[in-house]
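The values are calculated or read from the model by the stated rules, or taken from the named source; none is laboratory data. Bear in mind that the values here come from a model prediction, so they are computed numbers and not experimental data. Methodologically, a virtual Cβ is constructed for each residue, glycine included, from the backbone with ideal geometry; neighbour enumeration extends over all protein chains shown. Note: accessible area is taken over every heavy atom of the protein model, side chains too, but ligands, DNA and RNA are not part of it. Shrake-Rupley method; radii C 1.70, N 1.55, O 1.52, S 1.80 Å.
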Amino acid sequence: MLSLKEVHSFYGASHVLHGVDLEVKKGSVVTLLGRNGMGKTTTIHSIIGFVTKKQGEIWLEGENIISLKSHQIAKKGIGIVPQGRRIFTTLTVRENLTVFAEQDKGNWDLERIFDLFPRLKEREKTHAGNLSGGEQSMLSIGRALMRNPKILLLDEPTEGLSPLMVGEVMDVLLKLKEKGMSMLLVEQNIATALSIADDVYILNKGEVVYHDHPNELRGNMDIAYHHLAIS
Ligand SMILES: Nc1ncnc2c1ncn2[C@@H]1O[C@H](COP(=O)(O)OP(=O)(O)OP(=O)(O)O)[C@@H](O)[C@H]1O
Ligand SMILES: [Mg+2]
């Protein structure tokens, strides 16, 4: 569905990604782990064309999109849940969901979003700035779904949330997985990543230093802790 081959990315003279190889198969959930500043967001931004100085190949359903502009890539069906949510705080929940929604492009509409997120239905008319962090995360996911993406890229959707809210957001992502949604999920928490992943990658200084199935990783936690420098 989506694959990166030997991707190098730069900010000016600063070389941040050093040959990243990564694959998200259709219907699977891939998690990308790594400490702060290791290049997780840069990987996402390289895929969606926010980072323009790049080398390598980025394949989306048989087309190499690495040279396309971000607005062209957006039309190809890549949904983005950005780091920090980036919701419109002065708009209501409903307005956030509908403002950039793609009409007649697929299955997702307000009713289905509210089925998936009953909390958002309850707060439909609330200004998004008054939502809790967990609700804002759900809104950001809902907004991405309203564009009917083929694949979702989620950049730390559970960042800064209480354990209870992390659980709620992950339950929603598990439901999306059951519905067959392909996802690339950036995470810092290894337990959260393992709760949903079909495949796990660890980035360190812009390089993939580990890639395996979660079951293998569970048996190799010392390696993961080494790369994530948790002790
Ligand atoms: N716009 C930018 N210009 C220059 N350097 C940048 C820019 N954005 C990120 N960087 C640098 O690129 C490296 C990777 O940053 P990136 O944001 O991809 O990390 P990350 O893994 O997403 O971290 P975090 O977990 O904190 O979100 C860091 O050294 C960062 O300082
Ligand atoms: Mg980041």
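State whether the range 1-109 is rounded, prolate or oblate according to the following rule on the C-alpha gyration tensor (a ≥ b ≥ c being the square roots of its eigenvalues): a/c under 1.5 gives rounded; otherwise a/b larger than b/c gives prolate, and the remaining case gives oblate.
Because a/c hits 1.5 or more and a/b exceeds b/c, the range 1-109 counts as prolate.
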Given the peptides 25-34, 188-197, 50-59, arrange them by the average over their residues of other C-beta atoms within 10 Å, most packed first.
25-34, 188-197, 50-59
Rounded to 5, percent antiparallel among DSSP beta bridges of the chain:
55
Can you give me the span-like helices of the chain, meaning DSSP H runs with 15 Å or more of Cα extent along the axis and Kyte-Doolittle mean at or above -0.5?
133-145, 163-178
GNM flexibility winner over the chain from L153, L145, L116 (Cα, springs under 10 Å):
L116
As a test of reading the structure, rank K177, K125, K205 by solvent-accessible area (1.4 Å probe, protein chains only), most first.
K125, K205, K177
Just round it to a whole percent: the fraction of Cα-Cα distances in the chain exceeding 25 Å.
39
For G56, which sequence-distant residues (separation of 5 or more, or a different chain) have an amide H within less than 5 Å of its own amide H, given hydrogens modelled in the peptide plane?
H8
Looking only at G62, G79, G167, which one moves most when the chain is put into a Gaussian network model with springs between Cα atoms under 10 Å?
G62
Rounded if a/c is under 1.5, else prolate if a/b beats b/c, else oblate: with a ≥ b ≥ c from the C-alpha gyration tensor eigenvalues square-rooted, which is the range 115-231?
prolate
Within the chain, what whole-number % of the accessible surface is contributed by carbon and sulfur, with the 1.4 Å probe and all protein chains included in the calculation?
49
What are the equivalent ellipsoid semi-axes of the range 179-223, built from the alpha-carbon gyration tensor (square roots of five times its eigenvalues), in whole angstrom, biggest first?
18, 14, 10
